[in-house]
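The values are calculated or read from the model by the stated rules, or taken from the named source; none is laboratory data. The structure presented is a predicted model; accordingly, all values stated were derived computationally and were not measured. Glycine gets a Cβ as well: all are built from the backbone with ideal geometry, and neighbour counts include every protein chain shown. Heavy atoms of the whole protein, side chains included, go into the accessibility calculation; ligands, DNA and RNA do not. Shrake-Rupley method; radii C 1.70, N 1.55, O 1.52, S 1.80 Å.
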Amino acid sequence: MKTRSLTLLMAAAMTVSAVGCSSNNTSTNSTAGSTAAATGDKKILSVQIGPNPETMDPALNSALDAGNMILESFECLLTNDKDGNAAPGAAESWEVSEDGKTYTFKLRDGLKWSDGTPLTSEDFVYSWQRVCDPNVAAPYAETVLSMVEGYDEAIAGDITKLNVEAPDEKTFIVHLSNACPYFESLAAFATLSPVQKATVEKNGDAWATAAETYVSNGPFHVTEWVPNSYILMEKNPNYWNAENIKIDGIKFNLIEDANAAYNAYNAGEIAFIKDVPTEEIASLEGRDDFFVAPMIGTYYISLNTEKEPYTNPDVRRALSLAIDREYLANTLMQGTYSPAGNFVGPGWMDTDGTEFYKNSNGGESFFKPTADIEAAKAALEAAGYPNGEGLPVLTYSTNDSGYHKAVAEYLQQAWKEIGVNLDVEIVEWASFTPMRRNGDFEIARNGWVGDYTDPSNILTLLYSTNGNNDGKYNNPEYDAQLDLASTTLDPKERSAALHKAEEILIEDAGCIPVAYYNDFWLQNTNVVDGIWHSAYGYWHFEDAELVG
């Protein structure tokens, strides 16, 4: 989410810590919004993973911070286990037809919504078809449902054409137009969470903005929501596995300023924080509460290909060639990221089970680790702007979190070397992702953390009609390769098509890969245990236990 957003990027420095208390200790006073006042016997885990979310509607979200909160409040048909494999979720079992085109899910007995009403297979029919509703405009619709029969008709307006059915209250059947080797991962992806029809239809978009209407089906449910302050989730007594949830709740502190988050962590007020000031990273190395873990994702730059001069691939190529990725990742980002040699980096798997990037470009990286100033100048001259002459001042948009501002300032210097002048626009996080998605930018920081390990997950970001294609990149040859990859049953042909698509993207400079992600955080293990981190950029709190 993953943008994603999910694009959606994790801040360069992240901390995790949890503070809460047993019956004889202090805990979160949810009414006052404090993180340290007594609340009787409740064991509340207090965390920070981001500021105000853009949206908490599973169908609309594409950011990691909100995705992490949705992960704790909703449960899909399937879930991902600690090894990244599909595991039972709301469905206790599932079967796949021999041709790989029909999936039959059997729901658990007695499933309920957080308000105590029954949850049935019809809720999944409603929710999946809703993702295709053009009036909803779910950014992930094409990614998660384009392989289902009737998708084209559904996205055009008749959502009932999406071929999913509920022959009885416990059975949910999905008919695919072609086999999809990673469909189980999609069945575990938050966009396809069930949402309650009655609540959504009664409250419209506002259903996902207040505790009173935020009905869910996961381990926790929202009981308090104070914008700019916190979202409190308490254990959902109607969750099928509630007896195995060890904490009574999670308080998500909505903090955007890294210094404020870090200070709260050091004061013992918050035990899990995602964001720390970048200047503190060096001092954290070697500390017992500082953790680093790999994640699947790429920090990249979007260029609005519908606006001049970014319609010219030579301009885009020149900007890419002028970047010293080695310096950015290992010096400016202090080694917390890795320099990107490709768009599809480590962790994405090829059809033969090997890592995709190792088979790309003849086994060589597409990008040199350091800047190629002469090649960048040549590309700019080929575009008709020798030494930048005639080129207007460009504008780079980013949010001020982690290393994002520092990267922007570096780009000002690097592009100045080839005659390009750059202005930097800092945008508040809540406004940044919708601005980018709407194309209201020239150049923008972007990034993607994988929702599953198939490389199509990141490559389809730049498909012409994809809802997460912020730069509006459009290349029929690129689309054709991804179309082939989505329909062929031959693993070798599929692999070749995906690799060819990446080659086209890089040659066309449809976006500018910069670095590969790692997650790092602070976790007070004297206070909390059981939190685990996935390669998809999420922390799982449902197994947490307060031990301090």
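How much of the accessible area of the chain, in percent, comes from carbon and sulfur atoms when a 1.4 Å probe is used?
Numbers: 9060 of 20090 Å².
Solvent-exposed carbon and sulfur of the chain make up 45 percent of the total.
Sequence gap at least 6, Cα distance under 8 Å: using those rules, report the relative contact order of region 233-372 to the nearest whole percent.
Values: 114 pairs, mean separation 21.9, N = 140.
Relative contact order here is 16 percent.
With the contact rule set at Cα under 8 Å and sequence spacing of 6 or more, what percent relative contact order holds for region 376-461?
Details: 93 pairs, mean separation 26.1, N = 86.
Averaging sequence separation for qualifying contacts and normalising by length gives 30 percent for region 376-461.
Report, in whole Å, the centroid distance computed from the Cα atoms of region 460-538 and region 187-204.
Between the Cα centres of region 460-538 and region 187-204 lies a distance of 26 Å.
Using amide H atoms built 1.01 Å from N in the peptide plane, name the residues 5+ places from residue 514, or on other chains, whose amide H lies under 5 Å from its own.
Sorted by chain and number, the residues that satisfy this are 299, 300, 301.
At 37 °C and 0.692 mPa s, grab the translational diffusion coefficient of region 386-452 from Stokes-Einstein with a Kirkwood Rh over Cα pairs, rounded to a whole number in µm² per second.
Stokes-Einstein gives a translational diffusion coefficient of 253 µm²/s.
Once the piece of chain linking residue 85 and residue 440 is laid out straight, how much longer is it, given 0.36 nm per residue of separation minus the C-alpha distance between them?
Values: separation 355, 0.36 × 355 = 127.80 nm, distance 3.78 nm.
That pair, residue 85 and residue 440, stretches by 124.0 nm at full extension.
Diagonalise the Cα gyration tensor of region 181-228 and give the resulting equivalent ellipsoid semi-axes, square root of 5 times each eigenvalue, largest first, whole Å.
Equivalent ellipsoid semi-axes, largest first: 24, 14, 10 Å.
Cα atoms only: what Rg and Dmax, in Å, come out for the chain?
23.0, 72
Which ³J(HN,Hα) values, rounded to whole Hz and listed in residue order, are derived for region 161-166 from phi using the Karplus coefficients 6.51, -1.76 and 1.60 in 6.51 cos²θ - 1.76 cosθ + 1.60 with θ = phi - 60°, glycine and proline given as x?
Karplus values, whole Hz, x for Gly and Pro: 6, 5, 7, 10, 9, 10.
Ignoring ligands, DNA and RNA, what accessible area per residue does region 480-548 give at 1.4 Å, in Å²? Walk me through the intermediate numbers first.
Details: 2480 Å² over 69 residues.
With the other protein chains kept in place, region 480-548 gives 36 Å² per residue.
Could you state the principal axis extents of the C-alpha atoms in region 469-530, from the largest down, to the nearest angstrom?
For region 469-530, the Cα extents along the three principal axes come out at 54, 29, 16 Å.
Taking the Cα centre of the chain as origin and charging only Cβ (+1 Lys, Arg; -1 Asp, Glu), how large is the dipole, in debye to the nearest 20? Present the calculation step by step, with values, prior to reporting the outcome.
Values: 35 positive and 80 negative charges, 117 e Å.
The dipole of the chain has a size of about 560 debye.
Stretch residue 426-residue 178 to full length: gain in nm at 0.36 nm per residue minus the Cα-Cα span?
Extra length from residue 426 to residue 178 when fully extended: 84.9 nm.
For region 213-274, divide the Cα radius of gyration by the Kirkwood radius and give the resulting Rg/Rh value with two decimals.
Working: Rg = 13.5 Å, Rh = 12.9 Å.
Value, to two decimals: 1.05.
Between region 256-288 and region 369-418, what is the separation of their alpha carbon centroids in Å?
Result: 32 Å between the Cα centres.
Hey, could you get me the Stokes-Einstein D for region 368-483, Kirkwood radius over alpha-carbon pairs, 4 °C and 1.567 mPa s, rounded to whole µm² s⁻¹?
On the way: Rh = 16.2 Å.
Once the numbers are plugged in, D ends up at 80 µm²/s.
Two decimals, Cα atoms only, Kirkwood Rh: what is Rg/Rh over region 419-482?
1.02
Rounded to two decimals, what is the ratio between the C-alpha radius of gyration of region 56-135 and 2.2 N^0.38 Å? Walk me through the numbers on the way to the answer.
Numbers: Rg = 14.0 Å, N = 80, 2.2 N^0.38 = 11.6 Å.
Ratio of Cα Rg to 2.2 N^0.38 Å: 1.20.
Please give the length that would be gained between residue 288 and residue 474 if that part of the chain were fully extended, namely 0.36 nm times their separation in residues minus their C-alpha to C-alpha distance (nm, one decimal). List each step's numbers first, then the result.
On the way: separation 186, 0.36 × 186 = 66.96 nm, distance 4.72 nm.
Contour length minus the Cα-Cα distance gives 62.2 nm.
Of 438, 236, 375, which is farthest on the positive side of the dipole of the chain, counting Cα position, with +1 on Lys and Arg Cβ, -1 on Asp and Glu Cβ, and the Cα centre as origin?
The one lying farthest along the dipole's positive direction is 236.
Go ahead and estimate [θ] at 222 nm for the chain from helices alone: -39,500 (n - 2.57) per DSSP H run with n ≥ 4, summed, over the residue count, rounded to 500.
-6500 deg cm²/dmol
Express the accessible area of region 168-216 per residue in Å², computed with a 1.4 Å probe while the remaining protein chains stay in the model. Let's see the in-between values first.
On the way: 1880 Å² over 49 residues.
Using a 1.4 Å probe on heavy atoms only, each residue of region 168-216 averages 38 Å².
If one computes P(r) from the Cα atoms of region 135-230, what percent of pairs lie at distances over 23 Å? Could the numbers behind the result be given before it?
Values: 1703 of 4560 pairs.
Here the long-distance tail beyond 23 Å is 37 percent of all Cα pairs in region 135-230.
Output the Kirkwood hydrodynamic radius of region 75-212, Cα pairs only, in Å rounded to one decimal.
Computed over Cα pairs of region 75-212, the Kirkwood hydrodynamic radius comes out at 15.3 Å.
Give me the accessible area per residue for region 328-378, probe 1.4 Å, as a whole number in Å².
44
Restricting attention to the alpha-carbon atoms of region 189-320, what are Rg (one decimal) and Dmax (integer), both in Å?
Cα-based Rg and Dmax for region 189-320 come out at 21.0, 59 Å.
Return the tail of the calculated pair distribution for region 200-249, meaning the percent of Cα-Cα pairs more than 14 Å apart.
Taking all Cα-Cα pairs of region 200-249, the fraction more than 14 Å apart is 53 percent.
At what distance in nm do the modelled label points of residue 365 and residue 405 sit from each other, each positioned 7 Å from its Cα along Cα→Cβ?
Output for this residue pair reads 2.9 nm.
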